[in-house]
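The values are calculated or read from the model by the stated rules, or taken from the named source; none is laboratory data. Bear in mind the structure is a predicted one, so any value in this text is a computation, not a measurement. Quick reminder, even Gly has a Cβ in these numbers, built from the backbone with ideal geometry, and neighbours come from all protein chains shown. For the accessible areas, the whole protein counts, side chains as well, though only heavy atoms, and no ligand, DNA or RNA atoms are used. Shrake-Rupley method; radii C 1.70, N 1.55, O 1.52, S 1.80 Å.
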Amino acid sequence: MSDQGHRWYPQRIALLLLLLSISCEDSQKAVKEEQPTNKMDSVAVWQQPAEYEAQEALWLIWNPFDHKEGASNAAVVKELVTTVSKYQKVVLAVADSSAYKDAMAQLPQTLMDASNVQVVTIPSVQFWARDMGPSFVRLKNGELAVADFNFNSWGYAPVDDPDNQIEEAFDRLAAKHLKMPVVSSKMISEGGNREVNTNGVLLTVETVEKGRNPSMSRAEMEAEYARMLGVQKTIWLKEGLKEDEHTFLGPLETGEDFKAYTVVTTNGHVDEFARFVNDSTILLAAVDSVQLHSGDPIALENHRRLEENFEILKEATNTDGTRFHIVRFPMPDPIYSTMGPGDEVYEYIKTLDYSEAASNFPKGEEIRVIAAASYLNFIITNKLIMGQKYCTTDCSERARELDRKAESTLKRLFPKKEVVMIDALAVNLGGGGVHCISMHQPKK
């Protein structure tokens, strides 16, 4: 695969355009000069608080660009800031003065004047806060710290790539802003592939973690989870969703008269298909009978993978030896779109080195893509659940019913919280969802 940039940045010039007032070299210098001095190589981590515990704030990053022309990421971030800030504090990170001006121009002034919205400047080139943002852990003395794993842009760039280093420093700079210590690791891992409960049980996907760290054994990774996050028990799920596979593996067979490229996806993050909602309950996506009998090879492969993971979860136990309550959750039907020259994702994925088994990328021609659509990629906050819906102004009754089922299930599982479903397809067209672009900061 290519070393050129990460996730979907097509060329170095994209970074220059995004950071505008700061060149790539200047950004690197700024990141290095502002490294916090509070790194701790050996510290007593007690646990990583679960997302459903009390939160101090929700972190978001102002989006740098749209994945597809006409599909606004800013609109999604704006809706999240506006809705979540009614209930709790939101920390909105901006990359530089240009990003700050853009955010101020698009967000209502009354919202920005509110005490529940805080804007901080931290260099970044992406807005996937779940993965390269601060993962908060609680120390045995009760204080909070930030767990700083290594980062290689979801497997699309080496760790020493200049752009990648800007992203890798984000969590440390967030820790400096918060005056929190940092616990660091050379192991590569993203927050979107780690789900924890308050007992120290971790859900993660083996193909992702092993792909990021091919020289590490499961035992070595488990030891690092224990040191970094206070994990007592790791449940290794096998594979993630088919439509979440690395883009450089080539386009997917859809069962129709076209193939579809994935949109710079992670190769199987857990938060697309399996989530903790409390200490004893795990949500797991399921392919329904309509999808299973559609003849769609993606649905058939997802069914195989999800049922294999179901068998693992049925046998898994909590730290006290009790089995988990597993709730099967709907999946949206495949959502396809087109991309062409000028679309940011298209411009990046045409630069990738595709596997020998994959056909050559048709540069200059429009392509079909499959969105990283999921009902399980929702955000949990103190009083609110922010979910994703796919039936907007014009949709089938089938799509409307799937949305209703997902929303009603979330309401049943979180009876004391308000559930708000939003159209986040613009984000899905970049390889993730609303959970991927947020990070919860627990209360002290």
Review point. Per Stokes-Einstein, at 37 °C and 0.692 mPa s, what whole-number D in µm² s⁻¹ belongs to the range 314-444, with the Kirkwood radius over Cα pairs as the hydrodynamic radius?
Key: 187 µm²/s
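Need one word for the range 343-384: rounded, prolate or oblate. Basis is the Cα gyration tensor (sqrt eigenvalues a ≥ b ≥ c); a/c below 1.5 gives rounded, then a/b vs b/c decides.
The shape class here is prolate.
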Revision key, fill the gap. Per the rule of 0.36 nm per residue minus the C-alpha distance, extending PHE258 to ARG400 adds in nm 48.6 nm
Review point. Aspartates and glutamates within cross-link reach of LYS363: Cα-Cα under 13 Å, excluding same-chain residues under 8 positions apart?
Key: ASP343, GLU347, ASP353
Exercise for review: Amide H neighbours of GLU418 under 5 Å, at least 5 residues apart or on other chains, H built in the peptide plane: list them.
Suggested key: LEU384, ILE385
Check your understanding: Quick one: with all protein chains in place, what share of the accessible area of the chain is carbon or sulfur, to the nearest percent (1.4 Å probe)?
Key -> 49 percent
Check your understanding: Relative contact order (percent) for the chain, with alpha-carbon contacts under 8 angstrom and 6 or more residues of separation?
Key -> 21 percent
Review point. Do any trypsin sites (Lys or Arg not before Pro) in the range 135-191 lie in a loop, going by DSSP, with at most 15 other beta-carbon atoms within 10 Å of their beta carbon, and if so which?
Key: LYS140, LYS179
Check your understanding: How many percent of DSSP beta bridges within the range 328-444 run antiparallel, rounded to 5?
Key -> 50 percent
**Study point:** Flagged links, alpha-carbon separation over 32 Å, of LYS233/LYS350; LYS101/LYS416; LYS179/LYS238; LYS86/LYS176; LYS78/LYS416
**Key:** LYS233/LYS350; LYS101/LYS416; LYS179/LYS238
Review point. Where in the range 73-172 are there GluC sites (Glu not before Pro) that are in a DSSP coil and have at most 10 other Cβ atoms within 10 angstrom of their Cβ?
Key: none
Revision key, fill the gap. Check: C-alpha center the range 388-410 vs C-alpha center the range 136-182, spacing in Å is 36 Å
Practice item. Would you mind getting me the FRET efficiency between ALA226 and THR393? Use the beta-carbon distance for r and R0 = 41 Å, nearest 0.05. Key: 0.25
